[in-house]
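One structure is given below, encoded as structure tokens.
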């Protein structure tokens, strides 16, 4: 089972308790090998200072969350394109293994999923041109279909890989078990992705019953996802990155002592991941 050195703390897991500096120092204190900042946390200190803190604590960066959101204005505005360029620059500065893309759902007042997916494809192509020059890998994160309207109109690993096929080099996927565990084609699509396009692996658990579709994720081992099996599938393809723990939990993990959260996270990394 993975030790803490193979785990990554996504800052969402303790977003209500700690700022970025505390997340980095907490990860180092618990022996966790990496962090994955959300950009709001990164902006608390700025990318240059974040890189200094990461280096000082010997902590790697498994990803930066997030770019994307191409559909939010109903067209590809300069503001959206420029913000994604900034995200690429930030990812490069902190040495992130990838920039994770939550691509956006339906445009405002629209029911046109085909149009939304076309906007995402066009936006990712523009961002990818910029990212290639910066040496930053782009990782599409397919989200559970319950988020198709408001957060991501690409909802299966197969859809994300189709887009990777279309766009070419430098783009892959971030596989979050919370979003993909249910997919009957998941095993074959992981094989299709292979080592070259598996950029990130996110873990948490699906509670049954769940009390909130966004902010009631479970710690590994508390729900119904067979996480060791899925980890085995990605590792069989050669994925050797971090197991990134990303838990949204308004009424449980966000109200606990954050050092307790990290202690349990490390234990569950060994026993349930």
Residues of region 224-273 that turn out to be at negative phi and part of a loop (DSSP other than H, G, I, E, B), as a count: 18
Scan of region 53-73 for residues that are within 10 Å of the chain's Cα centre (by Cα) and either assigned to a loop (DSSP other than H, G, I, E, B) or on the phi > 0 side of the Ramachandran plot (or both), ordered by number: 62, 63
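Here's the yes/no breakdown for (1) in a strand (DSSP E or B); (2) in contact with a strand residue (DSSP E or B) (Cβ under 7 Å, 6 or more places away or on another chain); (3) surrounded by fewer than 17 Cβ atoms within 10 Å (Cβ to Cβ):
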residue: 133; (1), (2), (3): no, no, yes
residue: 166; (1), (2), (3): no, no, yes
residue: 173; (1), (2), (3): yes, yes, no
residue: 189; (1), (2), (3): no, no, no
residue: 199; (1), (2), (3): yes, yes, no
residue: 212; (1), (2), (3): no, no, yes
Can you confirm whether region 3-19 contains a residue that is within 16 Å of the chain's Cα centre (by Cα), touching a residue at least 40 places away in the same chain (Cβ under 8 Å), assigned to a loop (DSSP other than H, G, I, E, B) and surrounded by fewer than 22 Cβ atoms within 10 Å (Cβ to Cβ)? yes
Of the candidates 248, 242, the one satisfying the condition of being at pLDDT 95 or above and crowded, with 22+ Cβ neighbours inside 10 Å is 242
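If I filter region 223-231 for residues that are in contact with a strand residue (DSSP E or B) (Cβ under 9 Å, 6 or more places away or on another chain), surrounded by fewer than 18 Cβ atoms within 10 Å (Cβ to Cβ) and farther than 28 Å from residue 126 by Cα, do I get at least one hit?
Scanning region 223-231 turns up at least one residue that is in contact with a strand residue (DSSP E or B) (Cβ under 9 Å, 6 or more places away or on another chain), surrounded by fewer than 18 Cβ atoms within 10 Å (Cβ to Cβ) and farther than 28 Å from residue 126 by Cα.
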Out of 32, 24, I need the residue that is part of a loop (DSSP other than H, G, I, E, B), in contact with a helix residue (DSSP H, G or I) (Cβ under 7 Å, 6 or more places away or on another chain) and surrounded by 15 or more Cβ atoms within 10 Å (Cβ to Cβ). Which one? 32
Cβ pairs under 7 Å, 6+ apart, first in region 208-227 and more than 18 Å from residue 10 (Cβ to Cβ), second assigned to a strand (DSSP E or B): 210/216
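The values are calculated or read from the model by the stated rules, or taken from the named source; none is laboratory data. All of these numbers come straight from a predicted model, not from anything done at the bench. Please note: Cβ atoms are built from the backbone with ideal geometry, for glycine as well, and neighbour counts cover all protein chains shown.
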